[in-house]
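The values are calculated or read from the model by the stated rules, or taken from the named source; none is laboratory data. All figures in this text were calculated on a predicted structure; none of them were measured in a lab. For neighbour counting, all protein chains shown are included, and Cβ atoms are generated from backbone atoms with ideal geometry for every residue, glycine included.
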Amino acid sequence: MTATGNGVEPEIREGGVLVIGGGIAGLTAAIEAAEAGHDVYIVEKDPSLGGRVARFFKYFPKLCPPQCGLEINFRRIKSGHRLFTVLTLAEVEDVAGAAGDYEVRVRLNPRYVIEDRCIACNACAEACPVQRPNAFNYGLDTTKAAYLQHGMAFPMKYVIDGDACVGEEACGACLTACPTDAIDLRMAPRTITLRVGSIVVATGWQPYDARKLGLLGFNESADVISNVMMERLAAPDGPTRGTIARPSDGREAKRVAFVQCAGSRDRNHLAYCSAICCLGSLKQASYVLDQYPDAEVYVFYIDIRAPGINEDFYHRIWGDERVSFIKGKVAKVQEDAESGAVIVEADDILAGRKIRVSVDLLVLATGMQPSTAGNPIPGLGIEYDEYGFAVENRDAGIQVAGVAKRPQDVVSSTRDATGAALKAHQTIART
């Protein structure tokens with residue numbers, strides 16, 4: 001396996017399958033294509049593979065941590081290393097050609113670390129004096145400008161944030177500290193060209209921007225967070241080492257409210273249902289209940305949707321006396337000036353009254369948007385709907401997998417990606 005973030009020259013071979021995106025769908029498609037005998041290139045814009053799933057605390061259906069599924073996938077990549085080229089910090093700039101013969105231009109952004117020299121010793125991070133917002137934890141904490149994206153990073157190589165320190169501002173402390181001379185602050189972006197027979201687009205998703213939901217208090221209180229931020233608060237490798245606490249002061253968050261359809265099923269934001277938000281909030285409610293026996297949880301909802309076997313999980317949470325389900329839209333969120341608590345006002349439709357609760361933490365169940373919304377990859381010939389989901393592909397050699405097509409959970413994404421890999425295999429076999 002060749003892994004590069006502009007620190008190692010990738011081995012370029014003609015033919016094979018290009019997978020755009022290194023999340024769970026992209027990993028699945030890449031592994032299935034490689035195990036069918038094809039050379040595979042994975043292009044990932046982040047410093048390491050894993051996508052959004054790597055940021056979860058647990059995921060359905062078994063409520064296991066992401067390490068379970070990702071570790072297996074990473075081992076499968078290592079076992080088939082001769083077939084894999086992993087391009088991290090990389091972006092597809094253009095695609096030309098037709099099924100069986102594509103020419104793809106890929107931009108490699110600098111890691112400022114020579115990968116085959118990096119031993120992940122952490123010396124660069126220890127020496128670095130610069131702090132930066134930690135995007136992996138959705139800004140809930142900071143890292144040094146020299147950092148490892150997370151504890152399961154694949155490849156297990158450090159990266160330096162060029163926006164934070166490279167250039168005239170660079171202090172060079174990492175250069176002195178590195179025992180293997182792996183730091184190169186002179187790295188620059190460069191472009192390579194790949195020739196492949198088929199392409200799988202698995203560009204994944206991004207959470208809807210909670211800053212647009214002014215009514216729900218995200219911009220006014222640090223203790224109003226999004227559902228993806230809640231995953232990081234509960235995770236043992238997160239900013240609080242798994243303690244569900246108020247970001248404002250670190251106090252235990254035992255009274256937690258969840259607002260469903262935060263910006264979803266709303267023509268002013270996302271007009272569609274993202275399919276996974278209800279179960280996601282129920283799962284996160286279980287985090288609170290498991291951590292605090294005296295917890296109080298409130299779920300404000302329009303409808304609860306828990307398809308298939310997940311219905312049992314829904315009934316388990318519904319039956320917990322510590323959980324109150326309130327059918328009705330939240331009308332107002334404000335922070336109490338004296339206590340700092342978050343005050344939630346809503347209509348309780350079933351009871352025919354208004355309700356007002358005070359909580360330590362308010363979690364907004366924001367929906368899923370395709371990562372390419374408003375920024376499609378040039379040359380692919382894919383048509384998108386008004387929200388950025390792929391709806392039609394005019395080229396038989398290009399497949400779309402996972403949430404790039406529609407909102408879906410991890411299981412559905414992996415199944416979809418397996419199908420995309422099969423179609424990629426068929427394209428190459430025919431040509």
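Brief remarks on what is shown
- Those residues of the range 85-106 which are in contact with a Ser or Thr (Cβ under 7 Å, 6 or more places away or on another chain) and small (Gly, Ala, Ser), in sequence order: 99, 100
- Test set (1) surrounded by fewer than 18 Cβ atoms within 10 Å (Cβ to Cβ); (2) within 24 Å of residue 21 (Cα to Cα); (3) β-branched (Val, Ile, Thr) - residue 92 fails condition number: (1)
- Some residue of the range 52-62 being surrounded by fewer than 17 Cβ atoms within 10 Å (Cβ to Cβ), touching a residue at least 60 places away in the same chain (Cβ under 8 Å) and in a loop (DSSP other than H, G, I, E, B): yes
- Qualifying residue in the range 68-76 (condition: surrounded by fewer than 20 Cβ atoms within 10 Å (Cβ to Cβ), closer than 13 Å to residue 20 by Cα and in the same structural domain as residue 18 (by TED's automatic domain parsing)): no
- Unique match (being small (Gly, Ala, Ser) and within 28 Å of residue 379 (Cβ to Cβ)) among 217, 197, 151, 167: 197
- Meets criteria (of a type outside the set (S, T, N, Q), within 30 Å of residue 403 (Cα to Cα) and buried (at least 20 other Cβ atoms within 10 Å of the Cβ)) for residue 283: yes
Residues are listed down the side, and each one gets a yes or a no for (1) among the hydroxyl-bearing types (Ser, Thr, Tyr); (2) in contact with a Lys or Arg (Cβ under 9 Å, 6 or more places away or on another chain); (3) at pLDDT 95 or above:
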{"position": "147", "(1), (2), (3)": "yes, yes, yes"}
{"position": "155", "(1), (2), (3)": "no, no, yes"}
{"position": "161", "(1), (2), (3)": "no, yes, yes"}
{"position": "164", "(1), (2), (3)": "no, yes, no"}
{"position": "171", "(1), (2), (3)": "no, no, no"}
{"position": "192", "(1), (2), (3)": "no, yes, yes"}
{"position": "197", "(1), (2), (3)": "no, no, yes"}
{"position": "205", "(1), (2), (3)": "no, yes, yes"}
{"position": "209", "(1), (2), (3)": "no, no, yes"}
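So that you can scan it fast, the table gives a plain yes or no per residue for (1) more than 21 Å from residue 229 (Cβ to Cβ); (2) under 24 Å from the mean Cα position of the chain (by Cα); (3) among the aromatic types (Phe, Trp, Tyr):
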position	(1), (2), (3)
263	no, yes, no
314	yes, no, yes
341	no, no, no
355	yes, no, no
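- Total residues in the range 323-339, condition exposed (fewer than 15 other Cβ atoms within 10 Å of the Cβ), farther than 14 Å from residue 354 by Cα and touching a residue at least 12 places away in the same chain (Cβ under 8 Å): 3
- Tally, over the range 256-274, of residues that are at negative phi and surrounded by 20 or more Cβ atoms within 10 Å (Cβ to Cβ): 9
- Any hit, the range 147-158, residues being outside any loop (DSSP other than H, G, I, E, B), in contact (Cβ under 8 Å) with a residue 60 or more places away in the chain and surrounded by fewer than 22 Cβ atoms within 10 Å (Cβ to Cβ): no
- Meets criteria (of a type in the set (A, V, I, L, M) and surrounded by fewer than 13 Cβ atoms within 10 Å (Cβ to Cβ)) for residue 346: no
- Restricting the range 63-80 to residues that are assigned to a loop (DSSP other than H, G, I, E, B) and not aliphatic (A, V, I, L, M), the residue that is farthest from residue 232 (Cα to Cα): 80
- The residues of the range 266-292 that are in a loop (DSSP other than H, G, I, E, B) and more than 18 Å from residue 307 (Cα to Cα), listed by number, are 266, 267, 268, 269, 271, 292.
- Qualifying residue in the range 219-242 (condition: touching a strand residue (DSSP E or B) at 6+ places or on another chain (Cβ under 7 Å), in a loop (DSSP other than H, G, I, E, B), surrounded by 15 or more Cβ atoms within 10 Å (Cβ to Cβ) and not β-branched (Val, Ile, Thr)): yes
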